[in-house]
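Here is the structure we will look at.
The values are calculated or read from the model by the stated rules, or taken from the named source; none is laboratory data. Source: prediction; values computed, not measured. Quick reminder, even Gly has a Cβ in these numbers, built from the backbone with ideal geometry, and neighbours come from all protein chains shown.
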């Protein structure tokens, strides 16, 4: 992990779009940033048409003046390559680089992300603009970080993509025999005898091949990564001392395995936008932060984008109540983010996202939102000391992008949202006051409890790792649809959950989904029933629980709380009061409720200077960050 060059303390700022404003506004922006404590802004994310108004002709003068103003004002820059939004001239000149949907519809220019990442013309244009930016700004004093592209995730089914997909499959499988076996292509006469017979999963008569769908998602993850790496390597050659990243976006439509990408970025950075107007927003915030920390390998990461004062629910926009923006930001910092960045700095006058929230709203700086932004800047400036202190978590939840993709395929017994299953487990533990890590099964597992929610795909190696974990004394909770298929999506025979039957001590003969939810016909094979739909089984020195039915939130929390306590994990807390403990005795406490609450804690609140001995009283909506006192640190060291 490499930190933005020249940035001291936690990062604070967001996306800044000066190309949308006159120069007198730029000067006001810099002064407002200084007042709020902003020290880093993303510049140029969607500025390709202003930087290169016609092919090969660059107009950098305006950007020169912007970067000079920011540098003079003490604000560093994450300079973006603008390749997520090609300009109109490009789409007109290279129509074959426009994306094609699975139904054959070619999309036209008029929004963002109108490109095919497999199109040679697009990749060449990306390299040219990235190289031009690197050449011009390599030595600029404002440059602290390169921000490549924006929210990689665009998919295409065109002929360029088809050729690249075949190349990826050749490399992945070596020969057609291995591919036919992995895809079980004997079904419905889909056996392939030549590579040219293989296409992307375009619109077809009935159900597509699930192996083809799964590999197409894997292919696009690698294809987009190669597009990122091309730009990264150009930038790194020009500025070896400046770290490089891109912002991860999380969603069911995203064909990116972010855990795999994490090896190729200097800093893991995510965008996170809760979609629940109620307490679910806080639960989603904690989940997104824990997931980012897992991709970063437990190291610090960065919240690159979030909304300052609105929650975007599927139905409408919901204004965040006073203090909520700060609590969300502190939740991310508590769970490992080295700051809080927002989309966006100033709300635009027009455009598709004209009502997207901003630190400087349409009302201007004389507004509640900007005044809270100033308070947030003050809070973040006081938290530099906590940087690097590890998050204390003795429970892990497995996360697997491929299982998410596989469960999205049509033809399943019931529609199951993998991300929702993982979030349900995380939510239950969050409500029980348990901080969790999210992990890949290839990671070390020092945790006392491991939860596997709907971990549909399981390789032989991953299954062996789970057996060893439980046999060695670990505690496991697995839910329905875990271990059912191998890494290619082929069903493991002999009864579900195929790869985990021995560990769990059960054999499932059939799934029994209904309008009321998920259920299974379970035969006990060593396990004992704890309650309807829940079994427990001793395996080696450990314990394995199996949840074969979809439980409501309360019942799920009860089961996970009991499993956590059985594993020696303290579980229990005040619902809606978030407490995160970090190494050395640091405590983040956030009261998301409308009532005052007390929690056991010691230290000095770095935000107020108030000493706490034994009990911390948090008024409704309040927050505190406790730094350990010297005597507390000594006692913890003695216990360790």
Part of a strand (DSSP E or B), in contact with a helix residue (DSSP H, G or I) (Cβ under 9 Å, 6 or more places away or on another chain) and crowded, with 19+ Cβ neighbours inside 10 Å: does that describe residue 262?
no
Considering only segment 442-456, state which residues are in contact with a strand residue (DSSP E or B) (Cβ under 7 Å, 6 or more places away or on another chain) and at pLDDT below 95.
445
Please determine whether any residue of segment 81-101 is outside the structural domain of residue 325 (by TED's automatic domain parsing), within 30 Å of residue 299 (Cβ to Cβ) and out of contact with any strand residue (DSSP E or B) (no Cβ under 8 Å at 6 or more places or on another chain).
yes
Take the residues in segment 350-387 that are more than 20 Å from residue 321 (Cβ to Cβ) and in contact with a helix residue (DSSP H, G or I) (Cβ under 7 Å, 6 or more places away or on another chain); name whichever of them is surrounded by the most Cβ atoms within 10 Å (Cβ to Cβ).
383
Test residue 151 against the stated conditions and say whether it is within 32 Å of the chain's Cα centre (by Cα) and not in a helix (DSSP H, G or I).
yes
Does residue 478 satisfy the criteria of being outside any loop (DSSP other than H, G, I, E, B) and in contact with a strand residue (DSSP E or B) (Cβ under 6 Å, 6 or more places away or on another chain)?
yes
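Assigned by TED's automatic domain parsing to the domain that holds residue 327, part of a helix (DSSP H, G or I) and at negative phi, is that true of residue 422?
On the way: assigned by TED's automatic domain parsing to the domain that holds residue 327: no; part of a helix (DSSP H, G or I): yes; at negative phi: yes.
It is false that residue 422 is assigned by TED's automatic domain parsing to the domain that holds residue 327, part of a helix (DSSP H, G or I) and at negative phi.
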Quick check on segment 564-575: of everything there that is under 27 Å from the mean Cα position of the chain (by Cα) and either modelled with pLDDT of 95 or more or farther than 30 Å from residue 604 by Cα (or both), which residue is surrounded by the fewest Cβ atoms within 10 Å (Cβ to Cβ)?
569
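Condition test on residue 270, is it touching a residue at least 40 places away in the same chain (Cβ under 8 Å), touching a helix residue (DSSP H, G or I) at 6+ places or on another chain (Cβ under 6 Å) and surrounded by 20 or more Cβ atoms within 10 Å (Cβ to Cβ)?
Details: touching a residue at least 40 places away in the same chain (Cβ under 8 Å): no; touching a helix residue (DSSP H, G or I) at 6+ places or on another chain (Cβ under 6 Å): yes; surrounded by 20 or more Cβ atoms within 10 Å (Cβ to Cβ): yes.
Criteria not met by residue 270.
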Which residues, counting only those in segment 583-598, are assigned to a strand (DSSP E or B) and either at pLDDT below 95 or surrounded by fewer than 20 Cβ atoms within 10 Å (Cβ to Cβ) (or both)?
597, 598
Given the criteria assigned by TED's automatic domain parsing to the domain that holds residue 80, buried (at least 20 other Cβ atoms within 10 Å of the Cβ), within 28 Å of the chain's Cα centre (by Cα) and not in a loop (DSSP other than H, G, I, E, B), does residue 179 qualify?
no
Which pairs have Cβ atoms under 9 Å, sit 6 or more apart or on different chains, and link a residue in segment 561-577 that is free of Cβ contacts under 8 Å to residues at least 40 places away in the same chain and not assigned by TED's automatic domain parsing to the domain that holds residue 623 to one that is outside any loop (DSSP other than H, G, I, E, B) and surrounded by fewer than 18 Cβ atoms within 10 Å (Cβ to Cβ)?
562/530
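Restricting attention to segment 34-41, does a residue exist that is over 30 Å from residue 216 (Cβ atoms), out of contact with any strand residue (DSSP E or B) (no Cβ under 8 Å at 6 or more places or on another chain) and modelled with pLDDT of 95 or more? Walk me through how you get there before you give the answer.
Step one: filter segment 34-41 for residues over 30 Å from residue 216 (Cβ atoms), giving 34-41.
Subsequent filtering for residues that are out of contact with any strand residue (DSSP E or B) (no Cβ under 8 Å at 6 or more places or on another chain) retains 34-35.
Retained after the next criterion (residues that are modelled with pLDDT of 95 or more): 34-35.
Yes - at least one qualifying residue is present in segment 34-41.
Could you tell me whether residue 224 is in the same structural domain as residue 43 (by TED's automatic domain parsing), over 27 Å from residue 157 (Cα atoms) and not in a loop (DSSP other than H, G, I, E, B)? Working first, answer last.
On the way: in the same structural domain as residue 43 (by TED's automatic domain parsing): yes; over 27 Å from residue 157 (Cα atoms): no; not in a loop (DSSP other than H, G, I, E, B): yes.
So residue 224 fails the test.
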